[in-house]
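See below for the structure under consideration.
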Amino acid sequence: MKKANFVVSGAFTLFALAIIFLSRSYPPSNHGVPGPRMFPLIIATLIIISSVVLFINTLRMKPEDDVPVDLTSRNVLNVYITIAGLIVYITLLPLLGFITTTSIMLLLFFKWFSRYAWWKCLLISVLFTVGIWALFSIVLNVPMRYGVLI
Amino acid sequence: MLLSVLSSVFNLKIFFFIILGVFTGISIGALPGLTATMGVALVLPLTFGMDAIPGILLLIGVYVGAIYGGSISAILLRTPGTPAAAATILDGYEFSKRGESGRALGISTVSSFIGGVVSVIALWLISPQLAKLALRFSAPEFFLLAVFGLSIIASISGNSLAKGVLTGGLGISLAFVGIDGITGYPRFTFNNINLLSGVSFIPVMIGLFAMSQAFTTIETIFTPDQVTQKVSNVFPTKADWKVIFKHAPISGVIGTIIGIVPGAGAEIGAFVSYGQAKRMSKHPERFGTGIPEGIAAPEAGNNGVTGGALIPMLTMGVPGDAVAAILIGALTVQGLQPGPMLFAEHPVLVYSIFLGMFVANVAMLVLGLSSLRLFVKVLSVPKSILTPMIFVLCVVGSYAINTSFFDVGVMLFFGVLGYFLQKADASVSPAVLGLILGPMAESNFRRALLMSEGSYGIFLSSPISWIFLILTAITLLGPFVGAYLKKRKAQA
C-alpha cells in the first residue's frame, strides 16, 4: 500500500499542477467577483495539500499496515488484457458496426473465461448482441446503425 | 392533485416498470460483485427514451430491490451481494450453517420491507417541509450547503480522509471542463469540440461504478462459482415476527437519518443499526451466532437508507449517496432540476415518486417471499458469461446518452481509473458526489459575490448560512477533537 499511496500522491500532485498551469491564462477576478480561474486554483491547492498529507501519513505508516497491492499477478494481468481487448473493441465499433464487433468481442471473452463449446459461446453472444441492439435501436430509438458492416 | 398522483402510479404500465425494476434490482443485488449503484447505472440508459415518472420509478425499483437482494448471497454464500449487506453476513450465514437459510431470508425480506416503508414515510413527511425551507435559500445558502455536503463526503470516505479529498477533488475538477456558465469562457477544453459542453457525468458514473467493478470481477473470473443451497420455509415464525417488529422500525429510522446525511450510504446504515440492536439487547454476546435480531436490524437499516438518501436529493439537489447522484443524472436527462423548485413546479412527479417508492417496497416484499428460489437460481449464472455482457451494457449505455463514441471512451477511461483507485483503497464515491456538488458550490459562490458586489459578508448574512457554517465546522473538526479527547482520556 505504501508504494500505491506514493503513486496516488504523486499523480494527484501532477494533476493539480496541470490545473494550475492551464488555468493561469483564464480571466482573473473582476471587482471582487471571482473569475473562471479562482475555483480551479482553490481545488488544485486542496488536492496538493491532501497529496502532501497522504505522502506524510504513508511515510509514518507502520510496517504491519503496509499491505502489498497486487499489480502483477496472473489475475491482474487478465484485467490488463481485458482492458486492451476493450480498447480494440471500442476503436473498431464505429468502423465495423455494433452487431459484428460486439458478437466477436463477446465470443472471444466467453471462450476465454468459460469452458463452454464454441457453438454455445457463439449462440449466446449473437443472441445477446441482437437483443441489446433491438432494445436500444427499436424500443429506445437510439441510432445504432453505424460502420461498414452491421 | 391526489387523483393525478394515484392515476400516474396505479396503472399497469407503471406497475410493470416498478416490478421490473425491483426484480432486476434483486437479481443484480444477489450477485456478488454487482452493487446497487452499478445496477442503477446500468439500467439508467434504458430510461432515456421514457417519460419521467416510469423512468425514475424503474430506477428506484432497482435501487430498493438491489439493497435487499444483497442479503441473499450474504446469507447463502457468506459473500455480500452489495456492500450494504456486509453486516447481514455476521448472523445470516450462521442460519445457513444450521440449514435455516429460508428462515433467515424471510426475516431479511420482511425487515427490508419495514425499513423501506419507514424511510418512505419519512421521505413523505420531511421532504415537503424541507423543500419549503429550501425555497428561502439563495446563492450564499446553496454555496454553504454544497460546502457542507463536500465536507461530509470527505470525512466519511473510506479509510483515508486524504484519499477522500483527492477523489472528491478529481470529481470537482471534472466539472470545470467546458464553457464557464457565468462568463462563457471555455475551460480545460483543449480545443476539443466534445469537451465544450463539459464531461457528461453519466458515462463517468457508468465507468467508475459499473466498468471498474467488472474489471475487479475479472480478477476472480477463473475461480469456480460457489454452490448454493436449497431454500424453504421463508415465511417468518411467530417468534421471528416479534423480533422483526421490535427492531426493524427503529433500524428503519436509523437508516433514514443516515441516508439523509450526504455521502453516507446503506453500508453505514446497516452497521450502525446492527450496533444499535446489539446495544439494546439484553444478550449482546449472542450477536454473531445466528439470531434474528442480527438480520432484522441491518436489513431494515440498509433499506431505510433508500428513502433517506432521496430527501436531500429531491429537496436541495444534494445526493444522499452514490445512487441518489445517479438519480440526479436521470432527472436532469428528463429536463428536471432536483431542488425546491421541483416541488413547486412538478408536484405530481414528486408525490408519484413517493407513492411509487412505497409500491416498490411492497413489490419487493411480495417478490421476496414468493420467488426467493428463483433469485437463488440467479446466483448460479456464471460470471464468465455475465461480466462480458456488463461490458456491452456499459458501452451501449454510455453511447446512448448523446449517441457519442467520445462518451464511450470517457466511460472506459474512468472504468480503468476507478479500477486502479479501488486497488489503491481510494473510494470512488466522492468523485461522483464532487462532480455534482462542485459546480453547485462554484456557481453559487460566484453568484453570491455578484449579488454582494464582491463582499464576502454575504456568506454570514442569514441564520441558515450560520447553521451550515457551524455544521461544516463540526464535520471537519469533529474527528480531530474526538481523537484528541480519546487520547487525553487514555493518558489520564
Flagged pairs (Cβ under 6 angstrom, 6 or more apart or on separate chains; first in segment A:1-17, free of Cβ contacts under 8 Å to residues at least 60 places away in the same chain and in the same structural domain as A:P40 (by TED's automatic domain parsing); second of a type in the set (A, V, I, L, M) and assigned to a helix (DSSP H, G or I)) are A:N5/A:L54; A:S9/A:L54; A:F12/A:I47; A:F12/B:L166; A:T13/A:I48; A:A16/A:A44; A:A16/A:I47; A:A16/A:I48
Given the options B:K383, B:K377, name the one that is within 30 Å of A:A117 (Cα to Cα), modelled with pLDDT under 90 and touching a helix residue (DSSP H, G or I) at 6+ places or on another chain (Cβ under 8 Å).
B:K383
Selection from segment A:99-115 of residues that are more than 8 Å from chain B (Cβ to nearest Cβ), in contact (Cβ under 8 Å) with a residue 24 or more places away in the chain and not β-branched (V, I, T)
A:S103
Tell me, which helices (runs of 4 or more DSSP H) lie completely within segment B:389-492 with 1 or more residues that are facing chain A (nearest Cβ under 9 Å) and of a type in the set (A, V, I, L, M, F, W, C)?
B:405-423, B:429-451
Quick one: which residue in B:V5, B:V64 is at pLDDT 90 or above and among the hydrophobic types (A, V, I, L, M, F, W, C)?
B:V64
Could you please find all residues in segment B:438-465 being more than 21 Å from A:P40 (Cα to Cα), small (G, A, S) and more than 30 Å from the chain's Cα centre (by Cα)?
B:S452, B:G457, B:S461, B:S462
Can we say A:S50 is within 7 Å of chain B (Cβ to nearest Cβ) and within 30 Å of B:V395 (Cβ to Cβ)?
no
Taking B:L46 as the residue in question, decide whether it is more than 14 Å from the chain's Cα centre (by Cα), buried (at least 20 other Cβ atoms within 10 Å of the Cβ) and over 18 Å from B:M364 (Cβ atoms).
yes
Of the numbered conditions (1) more than 7 Å from chain B (Cβ to nearest Cβ); (2) in a helix (DSSP H, G or I); (3) not small (G, A, S), A:L149 fails exactly one; give the number of that condition.
(2)
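Which residue out of A:I81, A:I56 is at pLDDT 90 or above, closer than 27 Å to A:G147 by Cβ and out of contact with any helix residue (DSSP H, G or I) (no Cβ under 7 Å at 6 or more places or on another chain)?
Numbers: A:I56 fails: closer than 27 Å to A:G147 by Cβ.
It is A:I81.
In the set B:I107, B:I114, B:I121, B:I172, which member is within 14 Å of chain A (Cβ to nearest Cβ), among the β-branched types (V, I, T) and either over 19 Å from the mean Cα position of the chain (by Cα) or part of a helix (DSSP H, G or I) (or both)?
The unique qualifying residue is B:I172.
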Would you confirm whether any residue within segment B:102-114 is touching a Lys or Arg at 6+ places or on another chain (Cβ under 8 Å) and buried (at least 24 other Cβ atoms within 10 Å of the Cβ)?
no
If you take the residues of segment A:116-141 that are more than 10 Å from chain B (Cβ to nearest Cβ) and in contact (Cβ under 8 Å) with a residue 12 or more places away in the chain, which of them is farthest from B:T387 (Cα to Cα)?
A:V130
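The values are calculated or read from the model by the stated rules, or taken from the named source; none is laboratory data. For clarity, every value in this text was computed on a predicted model and none was experimentally measured. Quick reminder, even Gly has a Cβ in these numbers, built from the backbone with ideal geometry, and neighbours come from all protein chains shown.
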